[in-house]
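Structure, as structure tokens:
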């Protein structure tokens, strides 16, 4: 099921309406950058053009080889989980307390899995979990934070919510000594994680994983539209940070970034149609999160562009099911939300016991036609984490907590 909501944009956040990385042909690039300014002889020009053309071809070959190698790695299961090594003392003193988990929208599939595994992990050490639905609204999020503060929570974990969306309420919780984790958001410049407030950015390279796949799948000739959700500074940064991959590794690729807003299905479908109308030669289309997948498919159908290769991040049963059916979806990045629940539990325990936060990266996996047949596309399989590897990390975390 796809859930849609209107995301929040921090004041002053830059929105890129349409950034284009159109790679020039090797001949035009070489003639402008390689031909000697003082020479006009045909032989010199021909030699310079051939040399530059050869250099461009070499770049293409190297970039394609690198992309193929990266895709192979990204499609693999997790062989070694990034469980921290430092143990935590004093966890038993938190027994009976409650941690509040506040996702942007409670019923997004990934958040459901994170909440479920966090509940299991907290129960291992005698703590409780209270989930409060942010409803995608600042007022609802602030109310959740205030509820946690009033209850004397052991910690507050927000998910996909910029700090500024409920700053006053979060500041008040911080003043009460309640540790706060901001999950799935980039930290502000100069931020230093502390026992009071810590950022756990999550999997920030999902558009970059798609970039490697597009280069490899297209043999270095992708004409791509990247639909960048402009409702959050982090979602903008995710896409913008992927652009250098195309620039450095795919001179034959043309990449156009189009801003979209997660408002209503009809608007997103219209945005998709408009993006395709303005870029009729596009062969690849990336939509940033799975909540925009259904209306994006509608837009492709309305534009009679169902032959385009569609990709998406933040995948769950919806996106992977479409991929497995062989329909328009050709690549999906999914995050190991089951692991995330345990990692966030570990982090809040460290903060609540004043043990100091540590890096808590989440595993992810790129799914394509090459590996989708190896998994069961069910909610139970997603919840278990078996899409990504085994559950050995659970025992490893428990040892760190002294249980």
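Readers should treat all values here as calculations from the given coordinates under stated rules, not as data from a laboratory. Treat the numbers as computed from the prediction; the structure is a model and nothing was measured. Methodologically, a virtual Cβ is constructed for each residue, glycine included, from the backbone with ideal geometry; neighbour enumeration extends over all protein chains shown.
Converting the Cα gyration tensor eigenvalues of segment 177-242 into ellipsoid dimensions via √(5λ) gives semi-axes, longest first, of 32, 11, 8 Å. Extension gain, residue 139 to residue 399, is 89.7 nm, computed as 0.36 nm per intervening residue step minus the present C-alpha separation.
For the chain, the relative contact order is 23 percent, taking Cα pairs closer than 8 Å that sit 6 or more residues apart in sequence and dividing their mean separation by the residue count. Counting only alpha carbon atoms, the long axis of helix 109-124 and the longest principal axis of the chain meet at about 40°.
Length gained on full extension, residue 58 to residue 89: 5.7 nm, using 0.36 nm per residue less the C-alpha separation. The mean sequence distance of close C-alpha pairs (under 8 Å, at least 6 residues apart), as a share of the length of segment 189-241, puts its relative contact order at 33 percent. Could you give the angle, 0 to 90 degrees to the nearest 10, between helix 138-150's Cα long axis and the longest principal axis of the Cα atoms of the chain? Helix 138-150 and the main axis of the chain meet at about 30 degrees. Available extension along the chain between residue 219 and residue 390 is 58.3 nm, counting 0.36 nm per residue and deducting the alpha carbon span.
Each DSSP beta bridge with both residues in segment 241-379 is either parallel or antiparallel, and the antiparallel ones are about 35%. With R₀ fixed at 41 Å, the C-beta to C-beta distance from residue 307 to residue 376 puts the FRET efficiency at about 0.90. Treating each Cα of segment 277-356 as an identical point scatterer and summing with the Debye formula, the log10 of I(q)/I(0) at q = 0.22 Å⁻¹ comes to -0.96.
Taking every alpha-carbon pair under 8 Å whose residues sit at least 6 apart, segment 134-267 reaches a relative contact order of 18 percent.
Sorted ascending by nearby beta carbons within 10 Å, beginning with the fewest, 208, 232, 92 become 92, 208, 232. Only DSSP H runs of four or more residues enter the estimate; each adds -39500 (n - 2.57), and after division by the residues of the chain the mean residue ellipticity at 222 nm equals -13000 deg cm²/dmol.
In segment 217-313, the convex hull through the Cα atoms has an average projected area of 5.7 nm², a quarter of its surface area. Using the Cβ-Cβ distance between residue 247 and residue 123 with R0 = 51 Å, the FRET efficiency computed as 1/(1 + (r/R0)^6) comes to roughly 0.60.
Could you tell me what a quarter of the Cα convex hull surface of segment 143-255 works out to, in nm² with one decimal place?
Numbers: hull surface 32.8 nm².
So the mean shadow area of the Cα hull is 8.2 nm².
Taking the empirical scaling 2.2 N^0.38 Å for compact globular proteins as reference, the chain has a Cα radius of gyration ratio of 1.08. With N as its number of residues, segment 330-386 has a Cα radius of gyration that, divided by 2.2 N^0.38 Å, comes to 1.44. Output the 0 to 90 degree angle, nearest 10, between the alpha-carbon long axis of helix 337-352 and the longest principal axis computed from the alpha carbons of the chain. The angle comes out near 50 degrees.
All alpha carbon pair distances within segment 123-164 were sorted into 10 Å bins beginning at 0; the resulting P(r) in whole percents reads 25, 54, 19, 2. Computed over segment 303-399, the quotient of the alpha carbon radius of gyration and 2.2 N^0.38 Å is 1.33. Ordered by the count of other Cβ atoms within 10 Å of each Cβ, fewest first, 307, 184 give 307, 184. Given in Å, the Rg to one decimal and the Dmax to the nearest whole number for the Cα atoms of segment 51-157 are 22.5, 71. Of all DSSP bridge pairs formed entirely within the chain, close to 20 percent run antiparallel.
Applying 1/(1 + (r/R0)^6) with r as the Cβ-Cβ distance of residue 77 and residue 356 and R0 = 35 angstrom yields a FRET efficiency of 0.65. Sorted fewest first by neighbouring Cβ atoms within 10 angstrom, 305, 176 come out as 176, 305.
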